């Protein structure tokens, strides 16, 4: 559409997308970002539907989770540098990481989420002739994603090769 404005107006002679087209384009972008993110079922987690104090029973755990919740929420608004969430299994780290990813996606920031064990499996499989995704393509995607969330980073990697790949990714992003 060309806006009907007087000759001296800054929008004179410009072409603007109609509102319905802009909405469709925004929806398409959101779908592409969600597909790129690799979140799957974790796409349902947000800071609005996670209890700020977590699901723990003790005051100490509530305070710890609340602090992690607030730091994660702040990081999601301005995701620069690194944020490391640590804690025992079932403490909510994955849900907070997914909430960060979903908030970033909601404002148009490409975000890639992957479990470290899955990443290593995918990298190994990418050497197979049956693999649809080449090793270099996947490795570059992980290394160069604008926002990268590695879940389960503290889990044991089984081989020196797996450790080397993780170190390469982290060094590249440092």
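Every number here is computed from the coordinates shown, using simple stated rules; none is lab data. Nothing here was measured: the structure is a model prediction, and the numbers come from that model. Note that we place each Cβ from the backbone using ideal geometry, even for glycine, and neighbour counts take in every protein chain shown.
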**Complete:** Rounded to the nearest 10, the angle in degrees between the Cα long axis of helix 93-106 and the longest principal axis of the Cα atoms of the chain comes to 10 degrees
**Prompt:** FRET efficiency for residue 49 and residue 128, Cβ-Cβ distance as r, R0 = 35 Å, nearest 0.05?
**Reply:** 0.35
**Message:** Angle check, please: helix 135-144 long axis (alpha carbons) against the longest principal axis of the chain (alpha carbons), in degrees 0 to 90, nearest 10.
**Reply:** 70 degrees
**Item:** Cubic angstrom per residue, convex hull over Cα atoms of segment 1-83
**Value:** 175 Å³
**Prompt:** Shape of segment 110-174 from its Cα gyration tensor (a ≥ b ≥ c, root eigenvalues): rounded if a/c is under 1.5, otherwise prolate when a/b > b/c, or oblate?
**Reply:** oblate
**Prompt:** In degrees from 0 to 90, rounded to the nearest 10, what is the angle of the helix 160-173 Cα long axis to the longest principal axis of the chain?
**Reply:** 40 degrees
**Item:** Sequence-separation-based contact order of segment 41-109, relative, with Cα cut under 8 Å and 6+ spacing, percent
**Value:** 45 percent
**Item:** Sorted by Cβ neighbour density within 10 Å, fewest at the top, the residues 20, 104
**Value:** 20, 104
**Prompt:** Do you know the relative contact order of segment 117-174, to the nearest whole percent, from alpha carbon pairs under 8 angstrom that are 6+ apart?
**Reply:** 33 percent
**Message:** Using 0.36 nm times the number of residues separating residue 60 and residue 171, minus their current alpha carbon distance, what extension gain do you get?
**Reply:** 36.5 nm
**Request:** First obtain the Kirkwood hydrodynamic radius of the chain from its Cα pairs, then insert it into the Stokes-Einstein equation at 37 °C and 0.692 mPa s, and state the resulting D in µm² per second as a whole number.
**Result:** 176 µm²/s
**Item:** Whole-number percent relative contact order across the chain, with pairs defined as alpha carbons under 8 Å at least 6 apart
**Value:** 20 percent
**Message:** Per 0.36 nm of contour for each residue apart, how much would the distance between residue 153 and residue 23 grow if the chain were fully extended, relative to their Cα-Cα spacing?
**Reply:** 43.1 nm
**Request:** Scale the Cα Rg of segment 57-114 by the rule-of-thumb value 2.2 N^0.38 Å and send over the ratio, two decimals.
**Result:** 1.16
**Asked** So if R0 is 25 Å, what FRET efficiency would residue 36 and residue 71 give, r being the distance between their Cβ atoms, rounded to the nearest 0.05?
**Response** 0.50
**Complete:** Put in order of increasing Cβ neighbours within 10 Å, starting from the fewest, 105, 100, 77, 50 give 77, 50, 105, 100
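Of 142, 5, how do they rank once you tally other Cβ atoms within 10 Å and put the fewest first?
The order, fewest Cβ neighbours first, is 5, 142.
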